[in-house]
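Read-outs throughout are calculated quantities, based only on the coordinates presented, and are distinct from any laboratory measurement. Model, not experiment: these values are computed from the prediction. Methodologically, a virtual Cβ is constructed for each residue, glycine included, from the backbone with ideal geometry; neighbour enumeration extends over all protein chains shown.
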Amino acid sequence: MIRQPQIALLADGLRLHLQDGPIDLIIEARGDDSDVRIAYRAAARRFTGLLDELCAELTDLRKAAEPARCALQGVVARRMHAAVVPFAADCFITPMAAVAGAVAEEILGAMCEAARLDRAYVNNGGDIALHLARGAEFRIGLMDRPDRDGVLRTLTIEADDPIRGVATSGRHGRSFSLGIADAVTVLARTASQADAAATIIANAVDLPGHPAIERCPANELQPDSDLGARLVTREVGELSNRDIARALEAGARQARRLLAAGLIEAAVLRLSGEIATIGTTETGLLRSRIGGGRALESSIHV
Amino acid sequence: MATEPADTSADKIRCDACPVMCYIKPGAAGACDRYANHDGELVRVDPHVILQRTVSHGGRLVPFQAIGDWDGKILQGSSTIITAIGAGTTYPDYKPAPFIVSSEVDGVDMVTVVTEGIFSYCGVKVKIDTDRYLGPETATVRAAGEAVGHVTTSEYGSQMLSLGGVHHLTGGSKKEGRVTCDTLMDLSNCKAVELTIDGGSTVVVQAGHAPIVNGVREERMRVGCGSATIGMFAKQWQGKIDEVVVVDDHITGVLSEHQAGKLLDIPDTGIKMKGRRSTPGRYFQVAEPGTGWGGTNISDPLAILGPFDPKTARPGTTLLMVSTTGEHAAYYELDDGLRPIEKEMPASLKQSVERIQENCEPALCTVLFMAGAGGSLRAGVTENPVRLTRSIKDALTRVTSGGAPVYVWPGGGITYMVDVTLMPANAFGYVPTPALVAPIEFTLKLSDYAALGGHMDHVRPLSSIRDNAEIRQRPRTLPEQRG
């Protein structure tokens, strides 16, 4: 029997749910009804077989990305590679760090190619690819922990903003993190770039050697993890305010580097109830549109 | 980094549900969070889509009846399979089933018709993994002195009981009906019940647990009949022993005479067996059935041997006698008078006995609840009952019991069987009729439901049940019966 992905509208009749193996997409398109239908059909068509495409190169995708060359064939695989290449010279990173964003981008691309949409998003487990036609905007809720409900704050992305990708990484998600951040949300030009950058920044929010942090080789948890025997964070115990500030600053430094290199547009880092935001002054985006007031009082602006 | 781990040790599973092919460690889930390794077995940890599920949020873990016993809530948590447990019903079913639930699955409007069936035509089939003699076929099985069923034809390695049924529930005395009903309900709710068989044994039966026959817990199921055991182990015995007898109430095997021994050129030993020879090396009725060696009544295995043939037998000939489970074993050597004398068993033979034990599976009692939903229950589902029956036969309608899969017997009516251990705890109740109340769910497409004359005006969206979180009294009338 040929494995078919799950393709279904959600109960609201508006959103499309696509699932195949570990890929789980929530999609919404707005526009004329016929365009939305065509877009959804295009999404489902592109989605069918996509996982097999990726798995055909899974062994290579799980290897450290080579900065100089890309031997990968698939369009999504190559996009994953391109997204992580800027980091590959400085640290260990595999194309898998961008898989969620790259898939979201691919599906959104198929939809926008097939139909004229006012706006659309493809949300791949929190890594989101956006389409905004002129005049359209998205409100995006930031959650401090992916495993819990509750929106920390919302931000609005307008068509004129360069942002078309949002991704969140941290130690509570489905993937392992080398760092201790509860969540790092990155806004970038594409979803795959945001995905890779969020991973890198979340890894940098760290206190190496701190006794309250419990770590474990990734392959002891998932034998075929692309992280091999690298230590991933399991538990974070009580941290002092100084520790929290120090860890956030380490992540913020990394985020500022990526911002300066044009790899991200903004980032929000969160650890143990404290927040650091990067890119606010440069874009004005977070400062002006993130729900402000009291919520900002506890944040650390860097 | 991404090198595949070289060891494929048994505790890890390679999941083949999708092409990612995750290696999953025990207690962990794959990359999708949908499949997990539970004690070395690949299990799906989200609800299966054939039944209803909440689709507003993909990928959430939804354990089925995750915590403890059922507390009376019709729906638990935010996303769960609706079962009929506690749905309530009336008899006769002149009005629509209590809940007819629609939910959206895979873009198809699905309905789950949820009702609790009152079954007077119902019973349990009990499989007891033991060779021990429980009682003659068709003997009456009693609980608290009342007849509740009978011994039926045995199966390979197991004794079978057929309990309940309309005859005992409503055809006998009032007390007989009540005791039968209690027995069925307790067995179905996975509780331990003591049963006594006329002319046989007393056995404590509990679904999913080892049987206790006359106070002795049965540990293992035999590896095969005596003859099969000879066939399996002949090669391992060759060169280590001259003769082996595998004592079995059904077919006792003798190595030197058995085809397996002949093929290995094992010489005759002059052994003489009691009982009726079936084919070479295979003997029926070497003793009476009982709870001794290999399901016979003997405690001294030499009792099934005649004197050795002096023309063939030689002093010093070695003999192993062992039961089909390896539970009993003894080693003998023939003395100058060709009499077998018990001696300390050599280590190599002990090993072979342990091998027999190792090959025996744990003995279990298993209970299948069986009932016919052919009557007015169907009217609770549709105005044209026979169409429901036909729809099930056509596989358009899926039947489940407490969310567990059922086997629907071919032919007329909706007669089904379900493994009670797959159902949530305390899924069964009873009414004073007496009759058992068991959950039954019919799941079908909304359009098919309309086509078979369904109660379309009574279809309620799932959310309406979830929101008011109704709590119903469970239909168990005796508080002490609750687990």
**Request:** Give the long-range amide H neighbours of residue B:135: residues separated by 5 or more places, or on another chain, with amide H under 5 Å away, using H modelled in the peptide plane at 1.01 Å from N.
**Result:** B:201
**Prompt:** Counting only pairs 8 or more places apart or on different chains, how many lysine pairs in the range B:122-217 have C-alpha atoms closer than 22 Å?
**Reply:** 4
**Fill in**
So, over other residues within a Cβ distance under 10 Å of residue A:169, counting Lys, Arg +1 and Asp, Glu -1, the net charge is -1
**Complete:** Expressed in angstrom and ordered largest first, the alpha-carbon extents of the range B:119-263 along the principal axes are 64, 24, 24
**Request:** Give me a single rounded figure for A:53-62: the average over its residues of other chain Cβ atoms within 10 Å of their Cβ.
**Result:** 2
**Prompt:** How long is the range A:1-88 along each principal axis, judged by its Cα atoms, biggest number first, in Å?
**Reply:** 45, 34, 18
**Exposure proxy ranking, count of Cβ atoms within 10 Å, fewest first, for B:276, B:222** = B:276, B:222
**Item:** For A:5-12, mean number of other protein chain Cβ atoms within 10 Å
**Value:** 5
**Asked** Relative contact order for chain A using alpha-carbon pairs under 8 Å, separation at least 6, rounded to a whole percent?
**Response** 13 percent
**Message:** To make sure I understand the rule: partners must be lysines, Cα under 16 Å from the Cα of residue B:25, and not fewer than 8 residues away in the same chain. Which ones qualify?
**Reply:** B:12
**Prompt:** Which helices of chain A meet both criteria: a Cα extent of 18 Å or more along the helical axis and a mean Kyte-Doolittle score no lower than 1.0, with helices taken as whole DSSP H segments?
**Reply:** A:75-88, A:99-114
**Request:** Provide the per-residue ³J(HN,Hα) series for the range B:310-318, in order, calculated from phi with Karplus coefficients 6.51, -1.76, 1.60 and θ = phi - 60°, each as a whole number of Hz, with x at glycine and proline positions.
**Result:** x, 6, 9, 5, 10, x, x, 4, 9
**Message:** Taking amide H atoms as placed 1.01 Å from N in the peptide plane, list the residues 5 or more away in sequence, or in a different chain, whose amide H sits under 5 Å from that of residue B:272.
**Reply:** B:306, B:309
**Complete:** If B:409, B:237 are placed from fewest to most neighbouring beta carbons inside 10 Å, the sequence is B:409, B:237
**Request:** Along each of the three principal axes of the Cα atoms of the range B:276-328, give the extent in whole Å, ordering the values from largest to smallest.
**Result:** 35, 23, 16
**Message:** Please arrange A:274, B:288 by how many other C-beta atoms lie within 10 Å of their C-beta, fewest to most.
**Reply:** B:288, A:274
**Request:** Mind jotting down the distance between the C-alpha centroids of the range B:212-260 and the range A:208-284, whole Å?
**Result:** 64 Å
**Message:** Could you derive backbone 3J(HN,Hα) for the range A:175-189 from the dihedral phi with the Karplus parameters 6.51, -1.76 and 1.60 (θ = phi - 60°), listing whole Hz in sequence and x where the residue is Gly or Pro?
**Reply:** 8, 7, 10, 7, x, 10, 4, 5, 7, 10, 9, 10, 9, 9, 5
**Message:** Could you tell me which residue out of B:325, B:338, B:351 lies farthest along the dipole of the range B:276-387 toward its positive end? Charges go on the beta carbon: Lys and Arg +1, Asp and Glu -1, centred on the Cα centre.
**Reply:** B:325
**Request:** Name the residues whose placed amide hydrogens come within less than 5 Å of the amide hydrogen of residue B:256, ignoring near sequence neighbours (fewer than 5 apart) on the same chain.
**Result:** B:244
**Asked** Other chains' Cβ within 10 Å of B:28-37 residues: what's the mean?
**Response** 4
